[in-house]
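In what follows, a structure is listed as structure tokens, so that the remarks can point back to it.
The values are calculated or read from the model by the stated rules, or taken from the named source; none is laboratory data. Keep in mind it's a predicted model, so treat the numbers as computed, not measured. Quick reminder, even Gly has a Cβ in these numbers, built from the backbone with ideal geometry, and neighbours come from all protein chains shown. Ligands, DNA and RNA are stripped out before the accessible areas are found, and what is left, the full protein with its side chains, is counted by its heavy atoms. Shrake-Rupley method; radii C 1.70, N 1.55, O 1.52, S 1.80 Å.
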Amino acid sequence: MTTEQRYTKEKVTHIRHWVEKKLFSISTTRAAEFKFKPGQFARLGLATITGEEPSIWRGFSMVNPADSKELEFYAVVVPDGEFSPRLADLKVGDDIYIDKNPIGFLTLDNFPNGGKSLWLLATGTGLSAYLSIIHDPKTWSLFDKVILCHGVRYINELSYQEQIQTWQQQWGERFVYLPLPTREPHLHYPQHRLTTLIETGKLAELAGTELDPSQACVMLCGNPDMLADGRKILGDLGFATGRRGNIGNLAVEKYW
């Protein structure tokens with residue numbers, strides 16, 4: 001397969017900085033042939049020298065609905081990183097390369113029968129995959145309630161608040177949002193990690209919904225420590241990923 005077949009060259013159309021020099025979103029044009037399922041991610045490519053072919057690639061989840069005309073990605077700047085500082089320095093009109101084949105299994109395909117509640121547990125930019133999933137009408141046909149839990153360090157890292165408020169108005173009691181900073185107080189929320197809140201039962205209490213493996217499905221996306229610890233804690237509660245044709249009630253995405 002030639003490089004021309006593997007990716008398309010797109011244009012940056014918008015950049016929004018949520019936390020200066022740290023958190024940002026970038027929107028791009030979208031090739032007509034690019035298709036994805038909400039929850040999947042794409043490999044973005046940048047050229048290290050202007051005019052060259054892309055030489056460095058990283059995966060980012062699509063934030064936008066599956067049928068939107070543009071693509072949007074949510075990213076954190078890793079100060080000493082090879083890729084993210086370059087991505088954050090792009091300007092509207094700059095070139096960016098997008099692999100034609102989306103990747104990832106953090107999709108509703110994991111839970112074809114749905115359930116009473118869908119728990120979307122994220123730390124940091126792990127939020128991104130869930131935004132696309134919440135946009136998807138299929139999510140609301142499969143589940144009675146959606147609980148979005150976002151663990152961050154500081155309040156200003158709680159991005160996409162306008163969109164989240166729109167969903168709160170649209171879905172009412174069917175949508176629960178738990179913003180969970182750990183390093184400064186925020187409203188009535190405890191300053192504890194997601195995994196601690198799961199283990200103590202506090203997360204279910206905050207959501208007003210049982211975290212019951214017979215009725216709930218859970219997705220995990222975020223830093224490796226949260227994924228490892230969360231998977232074990234949820235496993236002890238009776239949650240498990242699907243295997244050998246058996247449908248599970250836990251899905252995990254790992255980018256690192």
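Side notes on the structure shown:
- Overall, the ratio between the Cα radius of gyration of segment 57-115 and 2.2 N^0.38 Å, rounded to two decimals, is 1.41.
- Shown for the chain is the translational diffusion coefficient from the Stokes-Einstein equation, using the Kirkwood radius over Cα pairs, a temperature of 25 °C and a viscosity of 0.890 mPa s: 130 µm²/s.
- Placing dummy labels 7 Å off each Cα toward the beta-carbon, the span from Gln161 to Glu33 is 4.3 nm.
- Solvent-accessible area, 1.4 Å probe, carbon plus sulfur percent, for segment 40-134: 51
- Antiparallel content of DSSP bridges confined to segment 70-192, in %, to 5: 5
- Karplus-derived 3J(HN,Hα) values for segment 56-65, using 6.51 cos²θ - 1.76 cosθ + 1.60 with θ = phi - 60°, are 10, 9, 9, x, 9, 6, 6, 8, 6, x Hz; glycine and proline are entered as x.
- When you filter the trypsin sites (Lys or Arg not before Pro) in segment 192-256 for DSSP loop state and at most 12 other Cβ atoms inside 10 Å of their Cβ, you are left with Arg244.
- Exposed GluC sites (Glu not before Pro) absent: longest stretch of the chain, with sites in DSSP loops and at most 16 other Cβ within 10 Å deemed exposed: 83-209
- With the simple spin-label model, which puts each label point 7 Å out from Cα in the Cβ direction, the Gln168 to Thr48 separation comes to 4.6 nm.
- Restraint check, Lys9/Lys91; Lys145/Lys202; Lys37/Lys145; Lys22/Lys232; Lys21/Lys91, Cα-Cα greater than 25 Å: Lys22/Lys232
- When the charge dipole of segment 1-158 is built from unit charges on Cβ atoms (+1 for Lys and Arg, -1 for Asp and Glu) and taken about the Cα centre, the candidate among Leu158, Ile147, Phe83 whose Cα reaches farthest toward its positive end is Ile147.
- Euclidean distance of C-alpha centroids, segment 70-129 and segment 192-213, integer Å: 25
- Rounded to whole Hz, the Karplus (6.51, -1.76, 1.60) HN-Hα couplings of segment 206-217, x for glycine and proline: 5, 7, x, 9, 5, 8, 10, x, 7, 10, 10, 10
- Distance in nm between pseudo-label sites at Asp236 and Ser214 (7 Å out along the Cβ direction from Cα): 2.2
- Using C-alpha pairs under 8 Å with a sequence gap of at least 6, the mean separation divided by the residue count of segment 171-244 gives a relative contact order of 23 percent.
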